[in-house]
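Visitor: Submitted below is the structure of interest, expressed as structure tokens.
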Amino acid sequence: MRKPFYILNLLIILLVFSCGQNSSEKELIGKWYEIKNNGITRLNFNSDSLIITDLRTQTVEWSADKSKIEFDYNLMFTDSLGRKIKKTVLEYNFSSTKDTLFTHIIEPDKEVEFNLIRANNYIDYLNKKIGIKFELPKDGKSEPINLESDYSLKIFMGFSNNKIIGKTELSDNLNNLESDIKIIKDSLITGRPEQDVRNEIRFHLRVFADKKIPDSMITKSLPVTNKSDIFKIYDFPRPPNDTLPLKIYRIYQSEERENLGFMEGKIIKTIANTVYN
């Protein structure tokens, strides 16, 4: 007679848990990465909490109905109204496939667009956003890259119909590398010559390539030098055509960190190594 009793208790427990969330909340469960800022802002909806990661990570309570999400956001500093905790309301709707979340934050004086992609992890997010499927290689000897991702142009390489395809974070192919590199470098210019030189030296290509693609194919597809204005700032010896070698880092599979800019990788051997190392 005990067995039916245990089954009854189990059914009651399952019923209690299933009633804890409405159908709208259940549809939101999972990890979401913001589209515009390269996934730096993440919302991880769990049945009992919402984990928000942007400049830091915080865990809050949340609720939702079919049109809006509500939670209290803990501010790092008090705002103009003296608030440390800000009630946040996101009006939202899903894409037809339920893998993209279109939202905007409702505030008294403005509305902020805030769109996210559902993904299992950061690499899955990049696969979906860029539209190239790649699986990163594993290597126990890969190390954290000691250059911030702000000083890089991201390159993505994978396969389509058994052919290698590539994109940058700015273009749908690798044909505009020179102009894409210039766009990133121009965004780093501070107007302070010594800082601009440091930024130029920090600049690198950050390659997310499928594990089946060898390093030799990566270097074959990418330039190893780039035109540079660094020689106009100081009276450096000028190489042919005023070019600088580029550092190329291949990204390897590693544990996802709070700061997505800190990833593990290896530098691919090019002439950049003999100049900078």
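The values are calculated or read from the model by the stated rules, or taken from the named source; none is laboratory data. Everything numeric here is computed off the predicted structure, so don't read it as measured data. Cβ atoms come from the backbone with ideal geometry, glycine included; neighbour counts cover every protein chain shown. Heavy atoms of the whole protein, side chains included, go into the accessibility calculation; ligands, DNA and RNA do not. Shrake-Rupley method; radii C 1.70, N 1.55, O 1.52, S 1.80 Å.
Visitor: Quick one: would you say Lys133 is modelled with pLDDT under 95, open to solvent by 70 Å² or more (accessible area, probe 1.4 Å), among the basic types (Lys, Arg) and over 17 Å from the mean Cα position of the chain (by Cα)?
Guide: Numbers: modelled with pLDDT under 95: yes; open to solvent by 70 Å² or more (accessible area, probe 1.4 Å): yes; among the basic types (Lys, Arg): yes; over 17 Å from the mean Cα position of the chain (by Cα): no.
Against the criterion (modelled with pLDDT under 95, open to solvent by 70 Å² or more (accessible area, probe 1.4 Å), among the basic types (Lys, Arg) and over 17 Å from the mean Cα position of the chain (by Cα)), Lys133 does not qualify.
Visitor: Inspect region 111-127 for any residue being in contact with a Leu (Cβ under 8 Å, 6 or more places away or on another chain), small (Gly, Ala, Ser) and under 30 Å from Phe156 (Cα atoms) and give the result as yes or no.
Guide: Within region 111-127 (the criterion being in contact with a Leu (Cβ under 8 Å, 6 or more places away or on another chain), small (Gly, Ala, Ser) and under 30 Å from Phe156 (Cα atoms)), the answer is no, since none of the residues qualifies.
Visitor: In region 138-234, which strands (runs of 3 or more DSSP E) lie fully inside it and hold 1 or more residues that are at negative phi and at pLDDT below 90? Don't jump to the end; show me each part of the working.
Guide: On the way: elements: 152-160, 163-168, 204-209, 225-227.
Filter on region 138-234 gives 152-160, 225-227.
Visitor: Find the residue count for region 154-166, including only residues that are closer than 24 Å to Leu188 by Cα and surrounded by fewer than 21 Cβ atoms within 10 Å (Cβ to Cβ).
Guide: Start the filter on region 154-166 by keeping residues that are closer than 24 Å to Leu188 by Cα, which leaves 154-156.
Then keep just the ones that are surrounded by fewer than 21 Cβ atoms within 10 Å (Cβ to Cβ); that gives 154.
Of the residues in that region, 1 qualify.
Visitor: Would a scan of region 73-81 turn up a residue that is outside the structural domain of Leu222 (by the TED database), loosely packed, with under 14 Cβ neighbours inside 10 Å and outside any loop (DSSP other than H, G, I, E, B)? Show your work before the answer.
Guide: In the first step, residues of region 73-81 are kept if they are outside the structural domain of Leu222 (by the TED database); the result is 73-81.
This time we only want the ones that are loosely packed, with under 14 Cβ neighbours inside 10 Å, so: 74-81.
Right, trim to outside any loop (DSSP other than H, G, I, E, B) and you get 74.
Checked region 73-81: at least one residue is outside the structural domain of Leu222 (by the TED database), loosely packed, with under 14 Cβ neighbours inside 10 Å and outside any loop (DSSP other than H, G, I, E, B).
Visitor: Of Asp54, Asp48, which residue is open to solvent by 90 Å² or more (accessible area, probe 1.4 Å), modelled with pLDDT under 95, under 28 Å from the mean Cα position of the chain (by Cα) and not hydrophobic (A, V, I, L, M, F, W, C)?
Guide: On the way: Asp54 fails: open to solvent by 90 Å² or more (accessible area, probe 1.4 Å).
It is Asp48.
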